[in-house]
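J.: Starting off with a structure, shown below.
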Amino acid sequence: MRRPFSRTWLLGLALAFLLAGYVPTTALPRESTDKVTFLIEKLKDSSFKVRLKAALLLGRLADRRAVEPLMNALSDGNYVVRGAAARALGNLGYPAALPALNRLLRLANDDEVFVRKEAVKAIRKLAGPEAIDTLIAALSDGSPQVRLVAVHILGKLDLPGVRRAVVEAMGDEDELVRQEAIESLKGLGRAELNGLLRQALQNGGYRVQEAAVRLAEQLRMVELLDVIADMLVRDDVVPAVKREAGLAIAQMKDALNLDKIIQDSASSEPALRDKAVRLLGIYGGAKAVDRLLSMLKTDDTFLKRRVVAALGEAGDPRAIPALEYLRSQEQDKRLLQQIEISLRRLKPR
């Protein structure tokens, strides 16, 4: 009884054909036109070895008629044939094989690593200007694997419109897609990345904003501190992103201008003043805490609550007596709650 072909044997055969460039001889017509017709028919042969040879040879003939049959071969029941068909479509190149792009992207879900790798290689070869819309659309695909391949390819392209799509992918629900997008952006020049992250921080969705803040912190992009600081008091920024913004600023606080922040804390403009108060809490230290303590004299209960929160964040125990005295004098429930929170942060456990 004949032993079934093992997976190792099949893959070895495919690699021998694909990597060494060797294709066993077969009886082919002399005319190129007849060759294409002949090989297309052989893609339907019952022998996977014949289908494999046919796919490889079609990829060398540079004839657009081979595109659709090779696209159909991407669904072949034999994985080495699927991989060979993907390789052949890549060899036909851009723009001839561009119609196959969506089908190749679907191979991101193939069970075989060999097929997935061949598909990615082929997609790289087809990633010309006319492929961008398809690749960007794939970032919204329901399959994380398809989105991962799309962002991987887009991240390596230097074409208009691509960068913003990669930035949006930082907010993907799948961690691997997010990480691929972030790694791609790290390879950009600082000036270009600054512009992209600034726009993301100002207008992106909350996941994109969160990722942008973390990346700015990781790369210590102090030139983005102004827009990150603005996020602390923006009404359209969710609490989780505000927390990330505070953590990022704390890591880069040595780049802040404390004197300017103290000056802003006396501003008549509420947004500027409130941001300064939060920054004083993040900055900490004697000078910042002294300014915050002086602001406890305000009659504005809302501002006072912000100052109390900032004192808790600053972490200086010198604020404890002032907060305890304030607790004995105040009646506002929300302010009293904030005083308790700040005191718990300041008192040793």
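J.: Scan segment 114-138 residue by residue and report those that are under 23 Å from the mean Cα position of the chain (by Cα) and farther than 17 Å from V162 by Cα.
T.: Across segment 114-138, the qualifying residues are R116, K117, A119, V120, K121, A122.
J.: For segment 157-180, what are the residues that are over 18 Å from N194 (Cα atoms) and modelled with pLDDT of 95 or more?
T.: Matches in segment 157-180: D172, E173, D174, E175, L176, V177, R178, Q179, E180.
J.: I'd like to verify a number: residues in segment 150-176 that are more than 12 Å from A138 (Cβ to Cβ) and in a helix (DSSP H, G or I), how many?
T.: Number satisfying all stated conditions: 8.
J.: Return the residue satisfying two criteria in turn: it lies in segment 55-82 and is of a type outside the set (A, V, I, L, M, F, W, C) and in a helix (DSSP H, G or I), and of such residues it is nearest to L43 (Cα to Cα).
T.: It comes out as P69.
J.: Checking P129 against (1) under 27 Å from L185 (Cβ atoms); (2) at pLDDT below 95; (3) in contact with a helix residue (DSSP H, G or I) (Cβ under 9 Å, 6 or more places away or on another chain): exactly one of these is not met. Which one?
T.: (3)
J.: Could you please let me know if L323 is touching a Leu at 6+ places or on another chain (Cβ under 6 Å) and either part of a helix (DSSP H, G or I) or at negative phi (or both)?
T.: So L323 fits the description; yes.
J.: Name the pairs whose Cβ atoms lie under 6 Å apart, with the first residue in segment 244-269 and farther than 19 Å from A286 by Cα, the second part of a helix (DSSP H, G or I) and not hydrophobic (A, V, I, L, M, F, W, C), and 6 or more positions between them or separate chains?
T.: Within 6 Å, the pairs are E244/E210; A248/E217; S267/R273.
J.: Find the residue count for segment 251-272, including only residues that are closer than 23 Å to N203 by Cα and part of a helix (DSSP H, G or I).
T.: Residues that pass the stated criteria total 3.
J.: Still on this structure: Can you name every residue in segment 188-236 that is among the β-branched types (V, I, T) and under 19 Å from L280 (Cα atoms)?
T.: Those that are among the β-branched types (V, I, T) and under 19 Å from L280 (Cα atoms): V222, V227, I228, V233.
J.: Right, here's the next one. Taking the options K253, K156, name whichever one is more than 30 Å from P270 (Cα to Cα) and among the charged types (D, E, K, R).
T.: Unique residue meeting the criteria: K156.
J.: Only one of L107, L89 is under 21 Å from L176 (Cα atoms), in contact with a Leu (Cβ under 7 Å, 6 or more places away or on another chain), buried (at least 24 other Cβ atoms within 10 Å of the Cβ) and at pLDDT 95 or above; which?
T.: Matching residue, one of L107, L89: L107.
J.: Something else now. Can you tell me which residue within segment 235-271, out of those that are surrounded by fewer than 16 Cβ atoms within 10 Å (Cβ to Cβ) and among the charged types (D, E, K, R), is farthest from V289 (Cα to Cα)?
T.: D236
J.: In segment 279-301, what residues are surrounded by fewer than 16 Cβ atoms within 10 Å (Cβ to Cβ) and of a type in the set (G, A, S)?
T.: Within segment 279-301, G285, A286, S294 qualify.
J.: Do any residues in segment 311-324 that are of a type outside the set (A, V, I, L, M, F, W, C) have Cβ atoms under 7 Å from those of residues that are buried (at least 21 other Cβ atoms within 10 Å of the Cβ), where the two are at least six apart or on different chains, and which pairs are they?
T.: Qualifying pairs under 7 Å: G312/S342; E313/G281; E313/I282; D316/V289; R318/V289.
The values are calculated or read from the model by the stated rules, or taken from the named source; none is laboratory data. The shown structure was predicted, so the numbers you read here are calculated from the model rather than taken from an experiment. All Cβ positions, even for glycine, are placed from backbone atoms using ideal geometry, and neighbour counts span all protein chains on display.
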